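The values are calculated or read from the model by the stated rules, or taken from the named source; none is laboratory data. Just so it is clear, the structure is predicted and the values come from calculations on it, not from any experiment. Because the Cβ atoms are built from the backbone with ideal geometry, glycine has one as well, and the counts that use them run over all protein chains shown.
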Amino acid sequence: MSPAFAFLGISIIGTWGLATIGLIAGGIILLFFPGDPTTASDNTLGGVILLVAGIASGGLMQMVVGPLLGIDPPLPIRAKSIIPHAKMKRWVSAGELRDFPDGLPKEVRMRSRRITIIRQGESAYAINALCSHARLPLAGFPGSPVRAQKVQDDCVMCPFHGARFEIQSGKVVIQPFSSQFNHDHPFLGRVQSKLMFWNRTAEDIQTYPVQIEDGNVMVGLPK
Ligand code: FES
């Protein structure tokens, strides 16, 4: 990407972000700090309009900018959109089995899909890379404090808010923000469960069929 194009993109996103913050801040000020009631006019409607416009702008921004940065928008994935394994017959190599750490989720890109491979000894499983709760990566952000968690009881735990999924079926077995997770992770758990009051559940997650061929992890993708 040329520097000029990158600069233009950053300028547009930055201006959009500042405008969004301005709208939300303006709405909050009008609603909660209206000034002296004897002299100030009633700005409740204006405050609500600014706040709604700011939140809508922020949501839209996440949906537009997120994918450009490789982050999908924070929308839950409905179980009904899950594709059965029988329909996944386009076999693609994810790499050699020995290159995947045993029991630790590792994300790979396969034909533009983000997939997490989980090696269990001489077997491997493939599951959608993005958690169905807030579409954050199940393998965490490598190098950051939020990293992939070891598989336990054949379940992978999302490191962000603690949802657990069976690695074979993709079924959600523990919802995000369990009391145990909130206790162990005060910020990611307790604090964020309050901030994300509108989205506290995860759906079942897409899995993919896997075959090991000559030491290669072959993943079946939809045609
Ligand atoms: S993003 Fe996975 S539990 Fe919230």
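Below is a table of values for the structure above.
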| quantity | calculated |
| --- | --- |
| Criterion violated by I127 - all others in (1) among the aliphatic types (A, V, I, L, M); (2) under 23 Å from Q175 (Cβ atoms); (3) modelled with pLDDT of 95 or more; (4) more than 14 Å from the ligand (Cβ to nearest atom) satisfied | (4) |
| So R114, is it outside any loop (DSSP other than H, G, I, E, B) and either within 13 Å of the ligand (Cβ to nearest atom) or modelled with pLDDT of 90 or more (or both) | yes |
| Any chance V92 is closer than 25 Å to P186 by Cβ, modelled with pLDDT of 95 or more and not in a loop (DSSP other than H, G, I, E, B) | no |
| Strands (runs of 3 or more DSSP E) fully within the range 129-176 counting 1 or more residues that are acidic (D, E) | 164-166 |
| Sole exception among (1) buried (at least 17 other Cβ atoms within 10 Å of the Cβ); (2) at pLDDT 95 or above; (3) farther than 20 Å from P101 by Cβ for I174, by number | (1) |
| Among the candidates F141, F165, F187, F197, residue that is closer than 18 Å to I115 by Cβ, within 14 Å of the ligand (Cβ to nearest atom) and surrounded by fewer than 22 Cβ atoms within 10 Å (Cβ to Cβ) | F141 |
| Residue check, N182 within 13 Å of the ligand (Cβ to nearest atom) and assigned to a loop (DSSP other than H, G, I, E, B) | no |
| Cβ pairs under 6 Å, 6+ apart, first in the range 193-216 and touching a residue at least 12 places away in the same chain (Cβ under 8 Å) and of a type in the set (A, V, I, L, M, F, W, C), second assigned to a loop (DSSP other than H, G, I, E, B) and crowded, with 20+ Cβ neighbours inside 10 Å | A202/S132; A202/H133; A202/A163; A202/P176; I205/S132; I205/G170 |
| Residue selected from the range 145-159 under the condition surrounded by fewer than 21 Cβ atoms within 10 Å (Cβ to Cβ) and within 14 Å of the ligand (Cβ to nearest atom), by the criterion farthest from G103 (Cα to Cα) | V146 |
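Residue-wise test of (1) of a type outside the set (A, V, I, L, M, F, W, C); (2) out of contact with any Asp or Glu (no Cβ under 8 Å at 6 or more places or on another chain).
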site	(1), (2)
A86	no, yes
R90	yes, yes
E96	yes, yes
D102	yes, yes
V108	no, yes
R113	yes, yes
T116	yes, no
Q120	yes, no
